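Below: the structure, in structure tokens.
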Amino acid sequence: MICTPRTRLVRTIVSAAAASMLGFVVPARAADDTCHGSFPNFITDVCWSGMFPISIFGKAIANMGQADCSPSAGGGLCSCLGKGGSTAVGAPVGFYEYSRMVDVTYKPYCFPLLGGVTIDAGPGNMMHAPMPNRPTQQGRGQDKTWFGNVNYYVNPITTLLGALVDSDCTDNSAFDIAWISPLDPTWSDPQLNLLVTPYAFAFANPAAGAASAFDCVSATLGCPSSDMIWSSGCNGHALPFDGWIPTRVSGDQAGRQLTHRILGHMHSLGALWGQWGPDGLCGAFPQPIMDKRAYKTQRILYIRQTNKVNGVCADPIGRTTMGSGGFEVPVVGKDFSYLVVRKRDCCAGVSAK
């Protein structure tokens, strides 16, 4: 992804804060606050068919039964400016890339995907990490509202495992803890979050909520609706991009809903760009409003989503969690972690003099 000054600033501040605190990683002492987790094995814990379909010239050459909710760029040969002003000529290639990971956890500063470590951040760093199901300054009740803390990782495992030959067509970023919700005041304050995404005001009404039923059906039977930017389909509202969930049906539902929100939040901050379609053939492009059709999610903790349901193990955003086998997990049921698979189109070829 091409880094803008704003992108570098956001990532530098958050990454520096996270890295500095990792020096104070300690095991949790209280039984109720134990941070569970494990390091994923990317060979056995991942259902790799999520990277399909793979297409050339816009035509799928292998799909493994996976839907392509974001159609690949087609046409004839493509060309892009390369290093030194040379021209790269090749074929448009499309695929889905494993490049991000997300923790959705009950406890702030808990990192399930880092083996279940927790950070002793001190009382002064807890102001933006309210515990779930407790009264807050926003006046929410204890019985219906749940708050989830989120960790957002950059982890281009498709590149690391050499799943594709052309390295120019995969994310070459280094592993990074790119964002932690307790360090972002907008994640716990919906009113402050609306300053980042003011368009969320337009969808804070019952009609928008009712229309989400259509998106739920669409995502479950095939692909979500790109026009319903406020909806996370069967999992609830996507807007605003904060950690408050009015109704928590299950851990998996809440986890997928907040995974959608953090991806949308990263797009709104300029930390995630589009990389698909004709505009993405020569590199990433700004996309402040996320196109959810370009993403899939795959649960990796605590019940790994390696068994296919109706032939699929990486789900489009908004698809029902019924049948996924991840509603709740005894003892550690409050925390869920996901791999994020996103669409990538690339002009794969060689430089022409």
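No lab work stands behind these numbers, since they all come straight from the coordinates. Computed from a prediction, not measured in an experiment: that's the story for all the values here. Cβ sites come from the backbone with ideal geometry, for glycine too, and all protein chains shown count toward neighbours.
Multiplying the residue separation of SER173 and ASN41 by 0.36 nm and removing their Cα-Cα distance gives an extension gain of 45.6 nm. Modelling each spin label as a point 7 Å along the Cα-to-Cβ direction, I'd like the LEU160/ALA213 distance in nm, to one decimal. So the label points at LEU160 and ALA213 sit 4.3 nm apart.
From least to most packed, judged by other beta carbons within 10 angstrom and beginning with the fewest, TYR302, TYR338 follow the order TYR302, TYR338.
Listed cross-link partners LYS308/LYS343; LYS107/LYS292; LYS296/LYS343; LYS59/LYS343 are compared with a 18 Å cut-off, the Cα-Cα value being larger for LYS308/LYS343; LYS107/LYS292.
In terms of surrounding Cβ atoms within a 10 Å radius of their Cβ, TRP244, TRP276, TRP48 rank from fewest to most as TRP48, TRP244, TRP276.
Cβ crowding within 10 Å ranks VAL46, VAL154, VAL341, VAL117 as VAL117, VAL154, VAL46, VAL341, fewest other Cβ atoms first.
Along the stretch 309-314 the Karplus relation, 6.51 cos²θ - 1.76 cosθ + 1.60 evaluated at θ = phi - 60°, assigns HN-Hα couplings of 10, 6, x, 10, 10, 10 Hz to successive residues, with x for each Gly and Pro.
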